[in-house]
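Beneath this line is the structure, given in structure tokens, with notes to follow.
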Amino acid sequence: MAPPPQNPMQGVPEHIRSILARLHAESLAQESQLNTDDFFAGGEQAVARRMRDKFIALEEDKAQYVYGLARATGALVIVEAGTSFGVSTIYLALAAAANARRAGGGQEARVVATEHEPEKARRARAHWDECGEEVSGVIDLRVGDLRETLKEDLERVDFLLLDIWTPMALPTLKIVQPKMRPGAVVIADNTIMAAEGYADYLTYMRSPDSGFINMTLPFKNGLEMSIYCPEK
Ligand SMILES: C[S@@+](CC[C@H](N)C(=O)[O-])C[C@H]1O[C@@H](n2cnc3c(N)ncnc32)[C@H](O)[C@@H]1O
């Protein structure tokens, strides 16, 4: 007899799972209309302009993995670099909220989400409201350039998701790293496909004295997992 299907989102309310399925389908439909130039040609500003009305959501399997990893590590304070319409944020919020419930004792869950484009931020909020208080209630959305918005009010970060244009990966990491607790996890998307764009980030993270251990996970286009293990 075949075993039951895998269940990475076991326990998540059905209405949130169906919102996630719908949003992933919308994102994939948009992406099927895009080509490589849309993602890379013309520099940062041009890419941002073309992506202003696009989801470009983290793929479902990666998002489910991130959810499981955040649950496994008990992450309560999570930073998301690149929120767009808020799909991956839903997974992060579900994980942080579940971890806070399990920890008990009034532990607070917080997902610091970041988005440059006000219209994208508005759409993200609408998706979170549709999920309900369990999701919307733990998200602290900061609208604007994250190089500014992450400077304040950030403590004891357990988990950082880098799902952002590659030139922003290292600057973001350098803002967040001083706030990370030992054992904090950093996930960066598409590190095989966009290895050139990530060159400065990967060189920094993989240098022998970085304090991070690093591994590329075999998801489509690569998913870099780094764990902050400073000597002291
Ligand atoms: C790949 S998308 C994020 C997708 C999202 N994580 C998801 O799974 O739904 C990257 C987002 O980063 C935003 N972004 C790019 N540069 C930024 C910056 N400097 N500050 C804040 N947001 C930025 C873009 O507007 C874009 O919406």
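The values are calculated or read from the model by the stated rules, or taken from the named source; none is laboratory data. Since the structure is predicted, the reported quantities are computational estimates derived from the model, not experimental observations. Note: ideal-geometry Cβ built from the backbone for every residue, glycine included; neighbour counts use all protein chains shown. Each accessible area value is taken on the protein alone, full model and side chains, heavy atoms only, with ligands, DNA and RNA left out. Shrake-Rupley method; radii C 1.70, N 1.55, O 1.52, S 1.80 Å.
Numbers below:
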read-out: ILE78 open to solvent by less than 20 Å² (accessible area, probe 1.4 Å), in contact with a Cys (Cβ under 7 Å, 6 or more places away or on another chain) and not in a loop (DSSP other than H, G, I, E, B); value: no
read-out: Residue match in segment 93-105 (condition: open to solvent by 10 Å² or more (accessible area, probe 1.4 Å), outside any helix (DSSP H, G or I), without any contact (Cβ under 8 Å) to a residue 12 or more places away in the chain and more than 20 Å from ALA169 (Cα to Cα)); value: yes
read-out: Residue tally, condition of a type in the set (Ser, Thr, Tyr), farther than 20 Å from VAL79 by Cβ and in a loop (DSSP other than H, G, I, E, B), over segment 184-212; value: 1
read-out: Conditions (1) outside any loop (DSSP other than H, G, I, E, B); (2) open to solvent by less than 20 Å² (accessible area, probe 1.4 Å); (3) among the hydroxyl-bearing types (Ser, Thr, Tyr): number failed by SER84; value: (1)
read-out: One residue from GLN64, GLN33 being within 17 Å of the chain's Cα centre (by Cα), surrounded by fewer than 20 Cβ atoms within 10 Å (Cβ to Cβ) and under 25 Å from TYR198 (Cα atoms); value: GLN64
read-out: Whichever residue in segment 9-23 is surrounded by 15 or more Cβ atoms within 10 Å (Cβ to Cβ) and outside any helix (DSSP H, G or I) and, among such residues, is nearest to the chain's Cα centre (by Cα); value: MET9
read-out: Those residues of segment 36-54 which are away from the ligand (no atom under 12 Å from the Cβ), acidic (Asp, Glu) and either within 17 Å of ALA124 (Cα to Cα) or open to solvent by less than 90 Å² (accessible area, probe 1.4 Å) (or both), in sequence order; value: ASP38
read-out: Scope segment 64-122; condition within 17 Å of ASP53 (Cα to Cα) and more than 11 Å from the ligand (Cβ to nearest atom); matching residues; value: ARG122
